[in-house]
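Report on one structure; see the data block that follows.
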């Protein structure tokens, strides 16, 4: 089985993204690890960072035509994330 496709992406504080995959798994991806690369400097702009969208078909996420991340990168390097259950 290959990497699951992305269902949704939500930008969070501290340059983190909450990614929901088609199989229901949630992962937290820290984009701050990319900011040392020239290509990702635009992510320092908060409004730009929050404009992230899921690519058609769920094969990745992108901010514009030149700046994107694949579903494989997000799945492999994202940390498993569980929502807190009410009453816990």
Say we look at the range 23-34 and pick out the residues that are outside any strand (DSSP E or B) and in contact with a helix residue (DSSP H, G or I) (Cβ under 6 Å, 6 or more places away or on another chain); which of these is farthest from residue 62 (Cα to Cα)? 34
Within the range 64-88, restricting attention to residues that are in a loop (DSSP other than H, G, I, E, B) and touching a strand residue (DSSP E or B) at 6+ places or on another chain (Cβ under 8 Å), which residue is modelled with the highest pLDDT? 78
Taking the range 29-52 and keeping residues in contact with a strand residue (DSSP E or B) (Cβ under 6 Å, 6 or more places away or on another chain) and either exposed (fewer than 13 other Cβ atoms within 10 Å of the Cβ) or over 15 Å from residue 16 (Cα atoms) (or both) leaves 50
Select from the range 35-60 the residues that are free of Cβ contacts under 8 Å to residues at least 12 places away in the same chain and part of a helix (DSSP H, G or I) and list them in ascending order. 38, 41, 44, 46, 47, 56
Hey, among 79, 71, which residue is surrounded by 15 or more Cβ atoms within 10 Å (Cβ to Cβ) and touching a residue at least 12 places away in the same chain (Cβ under 8 Å)? 71
Looking at (1) free of Cβ contacts under 8 Å to residues at least 12 places away in the same chain; (2) part of a loop (DSSP other than H, G, I, E, B), which one does residue 10 not meet, given that it meets all the others? (2)
Of all the residues that make up the range 5-16, how many are under 14 Å from residue 73 (Cβ atoms) and buried (at least 17 other Cβ atoms within 10 Å of the Cβ)? 2
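The values are calculated or read from the model by the stated rules, or taken from the named source; none is laboratory data. In this text the structure is predicted, and so the values were computed from the model without any measurement. Every residue, glycine among them, receives a Cβ derived from its backbone with ideal geometry; neighbour counts consider all protein chains shown.
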